[in-house]
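Taking it in order: structure first as structure tokens, then the write-up.
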Amino acid sequence: MLQIFSSMTLIKSISGIRGTIGGKQGENLTPLDAVMYAAAYGTYIKQQRHKENYRIVVGRDARISGEMIQQLVMNTLVGLGIHVIDLGLSTTPTVEVAVPLEHADGGIILTASHNPKQWNALKLLNHKGEFLNARAGQQILEIAESGDIEYSEVDDLGKITRNDAYIDMHIDEILDLPLVNVDAIKKAMFKVVIDGVNSTGGIAVPLLLEALGVHPVKLYCEPTGHFPHNPEPLKEHLTDLMRMVVDEKADFGIVVDPDVDRLAFVDEKGEMFGEEYTLVAVADYVLGQIPGNTVSNMSSSRALRDITEKHGGAYKASAVGEVNVVQMMKDTKAVIGGEGNGGIIYPELHYGRDSLVGIALFLSYLAELNISVSELRKTYPSYFMSKKKIQLTPELDVDAILKGMEAKYASEEITTIDGVKIDFAENWVHLRKSNTEPIIRIYTEAYSQEAADALADRFIAEIQEIANQ
């Protein structure tokens, strides 16, 4: 298990610093907490890079607290003598692309991804524009807790430079990819509804679609930070998008999360394509052009394994967390990978989840096949997932519960690199403590939704039984 320190709604993990706005310092993401962790990150960068001039790229999603947190973070870095490239409203993958293009020493994205508007977070990148590994994350936590931070004198302060061009530059990089078939997409004359959840996807996705000759119909594309529905791109939150695709007679619908690293589709009938199948479809296209290996995390669908083997490649499952997926992709030289939550990682562009490149590759495949989205979905094996969770309370000993489940199912195929995953012949269940919320996640997959839900409910009951012993 990854080590997590949590108190109330401030969560400090290798995934970054995440919390709710307001409340008391150390219990929520207050201005003082934002300054402390920005200072710890800046100090870590200086310790690692050993040079005269330091540069860090900073961008944010559109959530209401974003501007406040960004000013605190940027000016803290200035106080450490670090120069800041301010992307303003941006996307997580855009910041990741910008870091190496700027020859920067790191990057910070201010976003709490799919969490509701009360939340914000500092997502931390290295000089390659990739998420920090566990060791780096631990070092930053230790610097923050020690308070051993030295600020610069007045003549050595950093400066802030604004650059609003990076979303356009990111799109240009995507259009230049060999597998993005711009001509075929333009000839198809697609009409697509985009739900930007009133965040920066409402800026970036329409720009990409227009560059590809796609007619975008905008839904919730004003970057106000007032999310019109729960920002996690799940079926129950997307009724407006599903209705609008049908009303507009669109070819399909797109939804992204607030920082644009998760991607889901709605078919022309207003039905979910399936968040897990975003990666499956894009991988099918990529592998058909460039045979190779794939990686997703342990909580992702078996369908990617099936598609990879169909194309003669090898599939591997990593621990949950983008940094873990990326490391295994590098180890196995994977040509495509990601996470079943709609996160596409295409190394030809960069090692980070990127909805924009996912959209461009999906459109390329659809244009070349000349079939509908619902017809494409029928070509894939049908698995059904259930994603449930149990709220953590102080008296719950999560590690003991997971060990109890491991012992109970010792005769089955078990993986423990990240919580406990139990692979049965017909289905699987993955139990793990979240890195980003105070919960235990229970993911299951089976050949029907009823079977997946029943399996999840069964394990929730068994967890509660062990917890009450």
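Observations
- Residues in region 49-72 that a label on residue 169 would reach, taking backbone N under 15 Å of a point 7 Å out along Cα→Cβ: 55-60
- Look at the alpha carbon pairs under 8 Å that are at least 6 residues apart: their mean separation over the length of region 384-467 gives a relative contact order of 37 percent.
- Phi to ³J(HN,Hα) by Karplus 6.51 cos²θ - 1.76 cosθ + 1.60 over region 104-121, Hz, x for Gly, Pro: 7, 8, x, x, 10, 10, 9, 6, 10, 6, 8, 5, x, 5, 5, 8, 8, 7
- In order along region 164-180, the phi-based Karplus estimate (6.51 cos²θ - 1.76 cosθ + 1.60, θ = phi - 60°) of 3J(HN,Hα) comes to 9, 8, 6, 5, 5, 5, 4, 4, 4, 4, 5, 5, 7, 5, x, 7, 8 Hz; Gly and Pro are listed as x.
- Gain on full stretching of the segment that runs from residue 183 to residue 403 - 0.36 nm per residue minus C-alpha separation: 73.8 nm
- Taking every C-alpha pair closer than 8 Å and separated by at least 6 residues, the mean separation divided by the residue count of region 169-378 gives a relative contact order of 21 percent.
- Helical content alone sets the calculated 222 nm signal of the chain at -11500 deg cm²/dmol, taking -39,500 (n - 2.57) per DSSP H segment of four or more residues and averaging over every residue.
- Estimated inter-spin distance, residue 370 and residue 460, nm [label 7 Å along Cα→Cβ]: 4.8 nm
- Packing rank of 88-99, 183-194, 57-68, where each peptide gets the mean count of other beta carbons within 10 Å, highest leading: 88-99, 57-68, 183-194
Laboratory data are not the source of any read-out in this text; all were calculated from the coordinates shown. Since this is a predicted model, take the numbers as computed values, not measurements. Quick reminder, even Gly has a Cβ in these numbers, built from the backbone with ideal geometry, and neighbours come from all protein chains shown.
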